[in-house]
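Enquirer: Right, I'll just put the structure down here and ask away after.
The values are calculated or read from the model by the stated rules, or taken from the named source; none is laboratory data. Model, not experiment: these values are computed from the prediction. Because the Cβ atoms are built from the backbone with ideal geometry, glycine has one as well, and the counts that use them run over all protein chains shown. Each accessible area value is taken on the protein alone, full model and side chains, heavy atoms only, with ligands, DNA and RNA left out. Shrake-Rupley method; radii C 1.70, N 1.55, O 1.52, S 1.80 Å.
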Amino acid sequence: MNGVASSSTPRRVKWAGPVAACVVLAALGGCRNQGAPPAPAAPTVGVVPSRRMDVPIESITNGTTRAIEEVVIRARVRGFLTERHFKEGTTVKAGDLLFVIDEEPYKVALKSAQARKDEAEASLTKAEKSKGREVAAAKVQLDKAQLHLAVVEEGRMRALMARQAGSREDFDRAEAERKKYEAQVAADEASYQQAEADYEVGILAAKAQVEASLAAVRDAELNLGYCRMVAPITGRIGEARVKIGNLVGPEATGGGAFSELATIQQLDPMAVDVRVAGRDLERATGWVKRGLKATLIRPGLGVNQEGGEQGEWYFIDNTIDQTTSTFLAKIKFPNAAGSILPGEYVRLRSVVEHSQGAVVVPEQCVIETGAGPVVYVVDQDGKVESRRVEAGETYEGVRIVSKGLDEGVQVIVEGLQLVRPGIPVKVEPANLAKPVGEKLTATDAASGREG
């Protein structure tokens, strides 16, 4: 019994030490958990002061280059193309000879028309100098004289017969002679009237023939002139679509189709077609009236290459497209080097107005929320404050704040994900790739949509 008791006692004493230690550690740990946690360190944020400056407002639109003047050279007469007097792809001047169609058939046609004109003019001269009226008038006078003589002879025979000095046969002969001349005078007068009418009609007909022959001559001259085609405008001429020796001109079957020989386009200045929203018609009309300047942006290999030349708005169409609710406007640019060709997709930047003394902040400062745009600022106590603002136009990295923010306020740019209203922060100048105000041109939110 004693051996058992003595052997079990040390075993209980042996576990007493660890258990007590656990109790003590548990007590110490409980005391430590009941203490207040240490305060987190204030986050560091990058800030910039809001600035006030004059900001030009821009409109950026898309467009397509178009030649201001474009002419398609067509063959207006039928024949074989015999000559070409230009080099493809070069600049030609107005009046330069371009093509020649075989002229010989048209020279012959002109000579034939001139001969018919001469014949018609001769016929007119003959009609004007005709003596048909005079001959008819003389015949009337002659037969009237004969009638008068017959009347006298009849009266004499009647008197003789009354005195029984003449025979009935002689009287009847005199009476018949008188009637014959009466009928002859009536016929002569009708012939004279017909001669008068024929004279007038003959002259009118001859004049009509002359006019028709003159028109035929003019038509032949025009056809001969169409054999030589000249440049109507100054510009760059493209590829010759028909080579020397080919038959050109109107289609033999008719229908108004004419052979296209080449195209001339005026490249300096160059126009750009822009589709503008109908709601901006009044604004665009003002741009055209004052000749608003525009900068041409040509999309290159991943970058925008801005041209050095300034263009100007100069044209607005007279209708709005019902399908797209847009209207056509045009801007023209100098293109002396001919480096811009029609059909190129470009962008246009125009300064449409200026915002005077606008408050601006970096664009990333403005956070769009369901309640509207807000910015986070650092107040005088070094704590974060949320400000609701009215944000307007933007430009490269900068946005205009029209209401809710004054000049000189420290606006948080970096570390926005670490802050919430009311917490203290440490501030340091934000590291911006481009300082605020380096490029003072804002993008017009209303007209800056791609047209």
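Enquirer: Considering the options PHE86, VAL151, TYR106, tell which one lies farthest towards the positive end of the dipole of the range 72-177, charges being +1 on Lys and Arg and -1 on Asp and Glu at the Cβ, about the Cα centre.
Expert: The listed residue farthest towards the positive side: PHE86.
Enquirer: Around SER259, which amide H atoms from residues at least 5 apart in sequence, or from another chain, sit under 5 Å from its own amide H, with H modelled in the peptide plane?
Expert: ALA75, GLY249
Enquirer: Tell me, what HN-Hα J-couplings in whole Hz come from the Karplus equation 6.51 cos²θ - 1.76 cosθ + 1.60 at θ = phi - 60° for each residue of the range 64-79, using x for Gly and Pro?
Expert: Whole-Hz 3J(HN,Hα) from phi for the range 64-79: 10, 5, 9, 5, 5, 10, 9, 10, 9, 7, 10, 7, 8, 10, 8, x.
Enquirer: Could I ask something else about it? How big is the Cα convex hull of the range 36-126 in projection, averaged over all directions, in nm²?
Expert: Working: hull surface 80.2 nm².
Averaged projected hull area, Cα only: 20.1 nm².
Enquirer: Could you name the aspartates and glutamates whose alpha carbon sits less than 12 Å from that of LYS243, not counting residues in the same chain fewer than 8 places away?
Expert: Candidates past the 8-residue exclusion: GLU83, GLU88, GLU260.
Enquirer: Same structure, new question: If R0 is 45 Å, what FRET efficiency do you get for ALA41 and GLN356 from their C-beta distance, rounded to 0.05? All intermediate terms of the calculation are to be shown ahead of the outcome.
Expert: Details: r = 43 Å, r/R0 = 0.97.
With a Förster radius of 45 Å, E is 0.55.
Enquirer: Straight-line reach from LYS207: which lysines have Cα under 25 Å away, leaving out those fewer than 8 places along the same chain?
Expert: Qualifying lysines at Cα under 25 Å: LYS111, LYS117, LYS126, LYS129, LYS131.
Enquirer: Quick query: amide H of GLY415 versus all other amide H atoms, modeled in the peptide plane; which residues come in under 5 Å with a sequence gap of 5 or more or a different chain?
Expert: For GLY415, whose amide H was placed from the backbone, the distant partners under 5 Å are GLY46.
Enquirer: Residue separation times 0.36 nm, minus the C-alpha to C-alpha distance between VAL427 and GLU88: what's the value?
Expert: Values: separation 339, 0.36 × 339 = 122.04 nm, distance 6.79 nm.
Extra length from VAL427 to GLU88 when fully extended: 115.2 nm.
Enquirer: So, one more: What does the accessible area of ARG168 come to, in Å² to the nearest 10, when a probe of 1.4 Å is used?
Expert: Around 140 Å² of this residue is reachable by solvent.
Enquirer: Taking the highest mean first, how do the peptides 257-265, 241-249 order by number of other beta carbon atoms within 10 angstrom per residue? Please report the intermediate quantities before stating the final value.
Expert: Values: 257-265: 18.0, 241-249: 13.8.
Going from most to least packed, we get 257-265, 241-249.
Enquirer: Evaluate E = 1/(1 + (r/R0)^6) for ARG52 and ARG298, where r is the Cβ-Cβ distance and R0 equals 41 Å; express this FRET efficiency to the nearest 0.05.
Expert: Working: r = 35 Å, r/R0 = 0.85.
So, using R0 = 41 Å, E works out to roughly 0.75.
Enquirer: Run the numbers for GLN194 and ARG241: contour at 0.36 nm per residue of separation, minus the present Cα-Cα distance, in nm.
Expert: On the way: separation 47, 0.36 × 47 = 16.92 nm, distance 6.33 nm.
Separation in residues times 0.36 nm, less the Cα-Cα distance, equals 10.6 nm.
Enquirer: Residue by residue through the range 239-246, what is 3J(HN,Hα) from phi via Karplus (6.51 cos²θ - 1.76 cosθ + 1.60, θ = phi - 60°)? Round to whole Hz and write x for glycine and proline.
Expert: The phi angles translate into 5, 6, 7, 10, 8, 4, x, 7 Hz.
Enquirer: So if R0 is 45 Å, what FRET efficiency would ALA145 and LYS107 give, r being the distance between their Cβ atoms, rounded to the nearest 0.05?
Expert: Rounded to the nearest 0.05, the efficiency is 0.15.
Enquirer: Turning to a different aspect of this structure: Apply the Kirkwood formula to the range 315-360: the hydrodynamic radius equals the inverse of the mean of 1/r over all pairs of different alpha-carbon atoms; give it in Å with one decimal. Working shown, then result.
Expert: Working: mean 1/r = 0.0686 Å⁻¹.
One over the average 1/r among Cα pairs gives 14.6 Å for the range 315-360.
Enquirer: Shifting gears a bit: Could you give each residue of the range 331-348 its phi-based ³J(HN,Hα) in whole Hz, using Karplus coefficients 6.51, -1.76, 1.60 with θ = phi - 60°, and x for Gly or Pro?
Expert: 3J(HN,Hα) across the range 331-348, in whole Hz: 10, 10, 10, x, 8, 4, 7, x, 7, 10, 10, x, x, 8, 7, 9, 10, 10.
Enquirer: When we measure straight from the Cα of LYS330, which lysines land under 22 angstrom away, once same-chain ones fewer than 8 places off are left out?
Expert: Excluding near neighbours in sequence, the set is LYS289, LYS293.
Enquirer: Moving on to the next point. For VAL230, what residues show an amide H to amide H distance below 5 Å, using hydrogens built from the backbone and excluding near sequence neighbours?
Expert: Result for VAL230 returns LEU98.
Enquirer: Stretch ARG173-THR369 to full length: gain in nm at 0.36 nm per residue minus the Cα-Cα span?
Expert: On the way: separation 196, 0.36 × 196 = 70.56 nm, distance 13.47 nm.
Taking 0.36 nm per residue and subtracting the Cα distance, the gain is 57.1 nm.
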